Amino acid sequence: LAYLVLKSGADAVQVFLCPKKFLDDMGVAFKADDEIEVTGSKIKQDGADLTLAREVVLKGGDTLTLRFKDGKPAW
């Protein structure tokens, strides 16, 4: 499973994306200094707060859809 650690100031949040193979198949890779915009949902799993990404807007303006609005995976 691929995930990112997003930093905003002193805060860091783990955002779970999708299976790594899904990103590989689309030719998408992230670098540490990439600026992205993430739309997703915060959930609780096993007592931990998790963020599941639904869409990621890449710095070129492309939108990567990982989950549909009903939460079902796009992969």
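The values are calculated or read from the model by the stated rules, or taken from the named source; none is laboratory data. Here the structure is a predicted model, which is why all the values come from computation and not from measurement. Note that each Cβ is placed from the backbone with ideal geometry, even for glycine, and that neighbours are counted across all protein chains shown. Each accessible area value is taken on the protein alone, full model and side chains, heavy atoms only, with ligands, DNA and RNA left out. Shrake-Rupley method; radii C 1.70, N 1.55, O 1.52, S 1.80 Å.
Using Cα pairs closer than 8 Å and at least 6 residues apart in sequence, work out the relative contact order for the chain, in percent. Walk me through the numbers before you get to the answer.
Details: 112 pairs, mean separation 16.8, N = 75.
This gives 22 percent for the chain.
Once you put a point 7 Å from the Cα of ASP24 and another 7 Å from the Cα of LYS69, both along the Cβ direction, what distance in nm separates them?
Label-label distance for ASP24 and LYS69, simple model: 3.3 nm.
For the chain, what is the accessible area per residue in Å² when the probe is 1.4 Å?
Normalised by residue count, the accessible surface of the chain is 73 Å².
Bin by bin, in steps of 5 Å, what percent of the Cα pairs in the chain do you find, going until the bin that has the longest distance?
Per 5 Å bin, starting at 0, the Cα pair percentages come out as 3, 14, 27, 29, 17, 8, 2, 0.
Over 18 Å between Cα atoms: which of LYS7/LYS44; LYS20/LYS69; LYS31/LYS59 fall into that group?
Exceeds cut-off: LYS7/LYS44; LYS20/LYS69.
Ranked highest first by the average count of other Cβ atoms within 10 Å around their residues, in what order do 33-44, 49-60 fall?
Descending mean neighbour count gives 49-60, 33-44.
In the chain, carbon and sulfur make up what percent of the accessible area (probe 1.4 Å)?
Roughly 50 percent, rounded to a whole number.
Using square roots of five times the C-alpha gyration tensor eigenvalues, list the equivalent-ellipsoid semi-axes of the range 31-75 in whole Å, biggest first.
After scaling each eigenvalue by five and taking roots: 21, 15, 7 Å.
So if each residue of separation counts as 0.36 nm, and I subtract the Cα-Cα distance between GLU37 and GLU55, what length gain in nm does that give?
Full-extension gain reported as 5.7 nm.
Expressed in nm to one decimal, what extension gain is obtained for the pair ASP62 and PHE16 from 0.36 nm per residue of sequence separation less their Cα-Cα distance?
Fully extending the segment from ASP62 to PHE16 adds 14.7 nm.
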